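Each reported figure results from applying straightforward, stated rules to the coordinates on display, with no laboratory input. Predicted model only: the values in this text are computed from it and were never measured. So basically every Cβ, Gly included, is an ideal-geometry build from the backbone, and we count neighbours across all protein chains shown.
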Amino acid sequence: MSIFLHGIKFEKELFKRLTSGKMPFEKILKIVDVDQRNQAIRFVGDDEREKFLTHVKAEIIDTYEKQTTSEKKVYYKLYKLPKGDIFQEDTYAMWYTCPSTGLKNFSGVPESKTVAEAMAWKFSSNDHILSPEDWKTMLPLIDES
């Protein structure tokens, strides 16, 4: 049985290993299909994150910190992942703390100069464009989750 993730076909067993967040970084890099490998990178677990970022020579572009109403910190980092053996062009991505679970999330974004610019893009739609300044005023677990 196959499962599709963002239009990319995965066998059920590989899909389960990826989405568990526990697949070692080295095994993700060994996925032959480049489209599957790019999707798999989204599921690198917290323990494997630093190895991945070091391997791809990621550069931190910007960081930002917010606080929930219960004073729990939420961290955001915007990275540039340079063209190399994994990415065929410079890629930009956000690693950020989920305010409700505390887990790290990875999300590709368009080329951005600030966390606020990247996160505003993530929260925007065709019908509603959010500005970076508006995103900064959003409260974790109230306006964003």
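Overview of values
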quantity	calculated
Quarter of Cα convex hull surface for region 8-53, i.e. mean projection, nm²	2.9
Whole-Hz couplings from phi, Karplus 6.51/-1.76/1.60, listed for region 48-53; x for Gly and Pro	9, 4, 5, 4, 4, 5
Cross-link table K16/K136; K73/K136; K57/K77; K16/K73; K22/K136, entries beyond 26 Å C-alpha to C-alpha	K16/K136; K16/K73; K22/K136
Enclosed volume per residue, in Å³, of the convex hull spanned by Cα atoms of region 81-144	94
Percent of Cα-Cα distances greater than 24 Å, calculated over the chain	37
Cut-off under 5 Å, modelled amide H: who pairs with L5 long-range	F10
For the chain, calculated [θ]222 nm from helices alone, where every DSSP H run of n ≥ 4 adds -39500 (n - 2.57)	-8000 deg cm²/dmol
Vicinal HN-Hα couplings computed from phi for region 81-95 (Karplus, 6.51 cos²θ - 1.76 cosθ + 1.60; Hz; Gly/Pro x)	9, x, 3, x, 6, 9, 9, 7, 8, 4, 10, 10, 8, 10, 10
Karplus (6.51, -1.76, 1.60) ³J(HN,Hα), θ = phi - 60°, over region 111-125, in Hz, Gly and Pro reported as x	3, 9, 9, 9, 4, 4, 5, 5, 6, 4, 4, 4, 8, 8, 9
Restricting region 92-145 to GluC sites (Glu not before Pro) in coil, as DSSP defines it, with at most 14 other Cβ within 10 Å	E111
Summed residue charge, Cβ within 10 Å of M138's Cβ, Lys/Arg positive, Asp/Glu negative	-1
Amide H partners (placed H, <5 Å) of D62, local residues excluded	L78
